[in-house]
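The values are calculated or read from the model by the stated rules, or taken from the named source; none is laboratory data. On a predicted model such as this, the values are computed, not experimentally measured, just so you know. As a convention, Cβ positions derive from the backbone with ideal geometry for all residues, glycine included, and neighbour counts pool all protein chains shown.
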Amino acid sequence: MNLSLTEEQMMIQDMAKKFAESELAPVAAELDETQNQTVFLNNLAQLTELGFMGLNIKAEYGGVEAGSVAFSLAITEIARACASTAVTTSVTNMVAEVIQAVGNEEQKQNYLPKICSGEYKAGAFCLTENNAGSDPAGMKTSAALDGDEYVLNGSKLYITSASFADIFVVWAVTDAIAPKGKGISCFLVEANTPGITVSKPEEKMGQKASPTNEVSFTDCRIPATAMMGKENKGFGVAVGELAGGRIGIGSLALGIGLAAMDYARAFITERKQFGQALSNFQGLQWKLAERYTDLEAARLLLMQAAYTKEQGLPFGKSASMAKLFAAEKANTACYDALQLMGGGGYIKEYPLERMARDVRITTIYEGTSEIQKIIIARELLREI
């Protein structure tokens, strides 16, 4: 792996950093408090104009073809300022990558330019169900063939951006008697299709500006041509795309962790106790050293996973390692950053309490830390 960034990667990182600092950071607290969707959607539209919704999409479909490393760098910079914006950006990129990976040419030509241009405000990834979270193969949402249409019935939970997404990638059972995980197919479903109901956004602990909804399908008819890939082969698609999504979530966690530590580091150089700056105390210096070392290691794991993906090599294990480590260490970083600030870290005047809430979900979505350990161990044992 070449540890040096290309000129294009550095340019995208710098563009994301400048936009995050000028446009996202000033409104992050307001969005956390009010969930103002007008402001939120305006920021997403600006990111789309800059090319951030098609970072790994081919230019012929409206993307910028920057690759997975650039995607990771961009999500980290965006998350430093606003985790809600970062997760929506990450998921929309993931939806676009699913379409590019398994969609037919007509589907790619029809949907990818709309995502990359902002004609579609966002995409939603509809996989999780009430009894199919860490075990997505246990899903119950069904798609029954009726003539030249499929009829969808069922519900999906915890769907990012469902409130305003214009296109859903939906997984459903197409062969109920097939072995578990073997009868699932993948569909493209437009948000205005009759039979779709999107619930009000969940009231969440963190990342509040990014809506998370239940999406229900009741006799929802879609053309048979909406299927992506082969019938009953959709579960493998989900597994593969989740691996890519883990690079995004790990990068998001890294951004939050770095932002928290940067803020706490500046704070302890200014605040005085016992007649001197807090930064003079060795115990606090060690916390800085340990947490920044953790976050740098997380960055390198993410770069390795992203680079491996770019090379077209198997990257599932490295993505799980990166997501596991980055999410866990970012949570620790936010905890310690808040501790370094003392009582100030616990009040809303400072951003640490928001960051501590925002980072918590990173050990859960796109596969919990426990699931990542199962994946890593399984791959290690296969290598024997």
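Here are the numbers for the structure shown:
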| quantity | calculated |
| --- | --- |
| Unmet criterion (only one of (1) assigned to a helix (DSSP H, G or I); (2) under 13 Å from Arg246 (Cβ atoms); (3) in contact with a helix residue (DSSP H, G or I) (Cβ under 7 Å, 6 or more places away or on another chain)) for Arg354 | (2) |
| Breaking point among (1) crowded, with 17+ Cβ neighbours inside 10 Å; (2) within 21 Å of Thr160 (Cα to Cα), for Gln9 | (2) |
| Any chance Leu252 is crowded, with 17+ Cβ neighbours inside 10 Å and assigned by TED's automatic domain parsing to the domain that holds Asp358 | yes |
| Number of positions in the range 234-265 that are at pLDDT 95 or above and more than 14 Å from the chain's Cα centre (by Cα) | 9 |
| Qualifying positions in the range 188-235 - at negative phi and among the charged types (D, E, K, R) | Glu190, Lys200, Glu202, Glu203, Lys204, Lys208, Glu214, Arg221, Lys230, Glu231, Lys233 |
| Single unsatisfied condition, Arg80 versus (1) in contact with a helix residue (DSSP H, G or I) (Cβ under 6 Å, 6 or more places away or on another chain); (2) without any contact (Cβ under 8 Å) to a residue 60 or more places away in the chain | (2) |
| Lone qualifier among Leu258, Leu300 - being crowded, with 18+ Cβ neighbours inside 10 Å and assigned to a helix (DSSP H, G or I) | Leu258 |
| Hits in the range 100-128 (condition: hydrophobic (A, V, I, L, M, F, W, C) and either part of a loop (DSSP other than H, G, I, E, B) or buried (at least 20 other Cβ atoms within 10 Å of the Cβ) (or both)) | Val102, Leu112, Ile115, Cys116, Ala122, Ala124, Phe125, Cys126, Leu127 |
| Per-region count, the range 161-172, residues hydrophobic (A, V, I, L, M, F, W, C) and surrounded by fewer than 21 Cβ atoms within 10 Å (Cβ to Cβ) | 1 |
| Unmet requirement for Ile57, which otherwise passes all of (1) assigned to a loop (DSSP other than H, G, I, E, B); (2) surrounded by fewer than 24 Cβ atoms within 10 Å (Cβ to Cβ) | (2) |
| Considering residues of the range 129-146 that are assigned to a loop (DSSP other than H, G, I, E, B) and crowded, with 17+ Cβ neighbours inside 10 Å only, the residue nearest to the chain's Cα centre (by Cα) | Gly133 |
| Qualifying position, being under 20 Å from Asn104 (Cα atoms), touching an Asp or Glu at 6+ places or on another chain (Cβ under 7 Å) and not polar (S, T, N, Q), among Ile184, Ile167 | Ile167 |
| Ser155 of a type outside the set (Asp, Glu), free of Cβ contacts under 8 Å to residues at least 40 places away in the same chain and closer than 18 Å to Thr218 by Cβ | no |
